[in-house]
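Chemist: The following block contains the structure, expressed as structure tokens.
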Ligand code: SF4
Ligand code: SF4
């Protein structure tokens with residue numbers, strides 16, 4: 001584990017209304033984004049290389065949202081847990097007015113310089129986040145009205161300090177994505193992005209997510225180590241059969257675990273029941289919950305608290321737990 005401890009204080013970040021996978025989740029009025037929509041076969045002119053005069057300038061002016069697979073790659077790179085990585089290297093922000101939590105990569109105190117930048121360049125290059133791979137492209141997932149599919153859009157981000165746009169090299173978006181190893185990252189993060197878009201487009205008919213839903217969302221998105229522990233707890237295995245869900249594989253394969261976490265999250269948030277439950281598990285759970293609430297009432301505990309223990313199963317859908 002590295003001992004480079006960033007010490008800048010967390011900042012509240014507001015206003016990211018769209019999920020950009022490039023650096024610019026908050027495009028200012030005078031935007032560096034070239035507003036031309038590109039497809040995979042469209043060409044653009046750009047080349048970045050170590051000999052260029054602006055080398056690493058982009059890493060001194062960052063605003064990088066981290067996605068679930070970024071966290072897995074980076075925490076393994078730093079040989080630490082997801083919890084420790086998030087605490088040491090990220091800052092929380094709200095992705096929407098419902099308080100859906102997002103994470104940004106920290107910068108060095110008083111600057112916008114990435115914590116992973118050294119004199120020699122990026123210290124996590126092989127595991128750099130999605131946004132760094134895309135730059136100087138940005139990408140955006142858009143769900144058209146009345147459509148269930150999400151379309152990928154790309155655009156060029158043109159900042160004055162970046163001289164890569166003057167280099168005489170053209171390539172298609174698809175070629176650039178391949179060169180930067182973006183495909184794997186997008187594949188791993190796609191379900192998560194779809195969840196965010198679906199949550200957002202469901203709007204006021206669904207309402208704000210409950211405290212418990214947010215906890216589950218946070219764990220499934222950013223804390224795979226905690227999620228791995230969670231699926232081994234009796235609260236989980238009483239409901240889901242270890243053989244049916246392929247527990248052994250989930251415990252040793254983090255990519256499979258992330259994919260499963262996204263299915264679980266869809267089950268929790270939208271009631272998409274793709275993970276079979278044990279027979280009678282739902283009824284047993286409801287009964288257990290009733291007894292627990294009754295016990296608390298009798299003990300004078302009053303309100304039901306949402307705690308890490310309350311990571312036990314939600315009902316499917318996004319309702320607050322009933323206090324019956
Ligand atoms: S060309 Fe652009 S992306 Fe490459 S180092 Fe320079 S500023 Fe960064
Ligand atoms: S992670 Fe690496 S490539 Fe990305 S901004 Fe930081 S130093 Fe630059």
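Each reported figure results from applying straightforward, stated rules to the coordinates on display, with no laboratory input. Since the model is a prediction, treat every value here as computed from it, not as a measurement. Positions of Cβ are backbone-derived with ideal geometry, glycine not excepted, and every protein chain shown enters the neighbour counts.
Chemist: Just want the ordering: 224, 100, 273, from fewest to most Cβ atoms lying within 10 Å of their own Cβ.
Modeler: Least crowded to most crowded, the residues run 273, 100, 224.
Chemist: Could you compute the FRET efficiency for residue 274 and residue 63, with r as their C-beta to C-beta distance and R0 at 30 Å, rounded to 0.05?
Modeler: The computed FRET efficiency comes out at 0.30.
Chemist: Sorted from fewest to most neighbouring beta carbons within 10 Å, what does the list 86, 244 look like?
Modeler: Details: 86 20, 244 11.
Fewest to most other Cβ atoms nearby, the residues stand as 244, 86.
Chemist: Please label the shape of the stretch 220-292 as rounded, prolate or oblate, based on the square roots a ≥ b ≥ c of the eigenvalues of the alpha-carbon gyration tensor (a/c under 1.5 means rounded; beyond that, a/b larger than b/c means prolate, else oblate).
Modeler: Details: a/c = 1.73, a/b = 1.61, b/c = 1.07.
Prolate.
Chemist: On to the next question. Just rank 146, 225, fewest to most, by other beta-carbon atoms within 10 angstrom.
Modeler: The most exposed by this proxy come first: 146, 225.
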